[in-house]
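S.K.: The structure follows.
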Amino acid sequence: MNRWLSLIGALFLLATLSGSGLAAAPDPKLAKELHVFNWSEYIDPEIYRDFEQEFGVKVTEDTFASNEDLLAKLQAGATGYDLIVPSDYMVNVMHQLDLLAELDFANIPNFANVAETFLDPPYDPGNRYSVPYQWGTTGIGYDTNFFEEPPDSLAYLFNPDVLAETAGRVSMLNDSRESIGAALKYLGYSVNSQDEKELEEAKQILIQQKEWVTAYESDGFEDLLAAGEVDLGLGWSGDYFMAAEEADNVWYTIPKEGGVIWTDNLAIPRTAPSQYTAEVFINYLLRPEVSAKVTNYTWYGSPNEAATEFIDPQILEEPAIYPPAEVMEKLEFLRDVGEATMIYDRMWTEIKLQ
Ligand code: SPD
């Protein structure tokens, strides 16, 4: 009798556990480890730990500071990464170079949560190689102790008279496309110009600006501002807003001339050791609560529509994070500039060596 009671008890316990999801059988197709190559400070580290707990997959992360660094690393033969985070134009570049794996959306059903505006982007028609992760803008971070009014024009970064007047110490992104793009925009040109004359003008503007530039920095530019080491800088919206959570002298504005808007994406290198595990992780990141957790940490926009109700209202209501239509109209996506990429790279080296 006692044996029967224990057996019934055990069966009851098993049924309860599986009903609560706790006893889900481990998926034998999952790898033990997942290697992510990401921008720094671009995910709440708790998300890696939560995924590890639920799926039994240990996630390790390396970081890069620009799309060009990411590309160089893959081209140099780094084959250990399962998941990478290229921006829009870089998805296109990498696909052309046959560096990306085609995604199996049967493993990513939560892709249905992505807002329609982010589907079928020009850099990846049909989303065959990429899933949008976060989006944001490139603009001006500034020290509110130094500027009473927001320095809301690219003239604050590039016009020598304005710079002389404010005597601002400036940091610029160590990123050829972004910094040259900002100079092009200041001159009234497209951030994707392939015109050699326009590019030469932008180069001269960036050389002239060097008198005020104290750092070319893409990783930690917000810390320079928070520490009072620079007075303003060109940088990415969310990084400045993250710093503003701790440092009340930091704020961010989108220049009135406009600037760059971008979408960073989840993609899988063709050489990934475990494509399936990476797809399961992408699907996990697309859960509404998890996508919202990313945005509540990074202060960047989420392409996940189903996540909106879980995002901190302070983020949703901040016009420099979710800009109104009239500001959006002035923003431009960086595009693959094809052979002109070589001109951008050469110019960037020359500017920094001057
Ligand atoms: N700290 C994460 C920053 C991510 C920025 N990605 C922007 C790329 C725009 N070209």
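S.K.: Could you check the spin-label model distance between residue 194 and residue 50? Points 7 Å from the Cα along Cα→Cβ, value in nm.
M.R.: Those two pseudo-labels are separated by 4.3 nm.
S.K.: Over segment 170-328, what relative contact order in percent results from Cα pairs under 8 Å that are six or more residues apart?
M.R.: 21
S.K.: While we're on this one: When you count, for each residue, the other Cβ atoms within 10 Å and take the mean per peptide, how do 252-263, 44-55 rank with the highest first?
M.R.: 252-263, 44-55
S.K.: For helix 2-19, what angle does its Cα long axis make with the longest principal axis of the chain, in degrees from 0 to 90 and rounded to 10?
M.R.: Here the helix axis deviates by roughly 20 degrees.
S.K.: Keeping the other protein chains in place, figure out the carbon and sulfur percent of the accessible area of segment 54-208, with a 1.4 Å probe.
M.R.: Carbon plus sulfur share of accessible area: 46 percent.
S.K.: Further question: Could you give the nm distance between label points at residue 349 and residue 152, where each point is 7 Å from its Cα heading toward the beta carbon?
M.R.: Here the answer is 4.1 nm between the modelled labels.
S.K.: Can you give the local net charge around residue 287? Use residues other than it whose beta-carbon is closer than 12 angstrom to its beta-carbon, Lys and Arg +1, Asp and Glu -1.
M.R.: -2
S.K.: Could you work out the helix-only [θ] at 222 nm for the chain, with each DSSP H run of four or more residues adding -39,500 (n - 2.57) and the total divided by the number of residues, to the nearest 500 deg cm²/dmol?
M.R.: -11500 deg cm²/dmol
S.K.: Also: What does the net charge come to around residue 83 if you take all other residues with beta carbon closer than 10 Å to its beta carbon, with K and R at +1 and D and E at -1?
M.R.: -3
The values are calculated or read from the model by the stated rules, or taken from the named source; none is laboratory data. Here the structure is a predicted model, which is why all the values come from computation and not from measurement. Cβ sites come from the backbone with ideal geometry, for glycine too, and all protein chains shown count toward neighbours. Note: areas computed on protein heavy atoms with side chains; ligands, DNA, RNA excluded. Shrake-Rupley method; radii C 1.70, N 1.55, O 1.52, S 1.80 Å.
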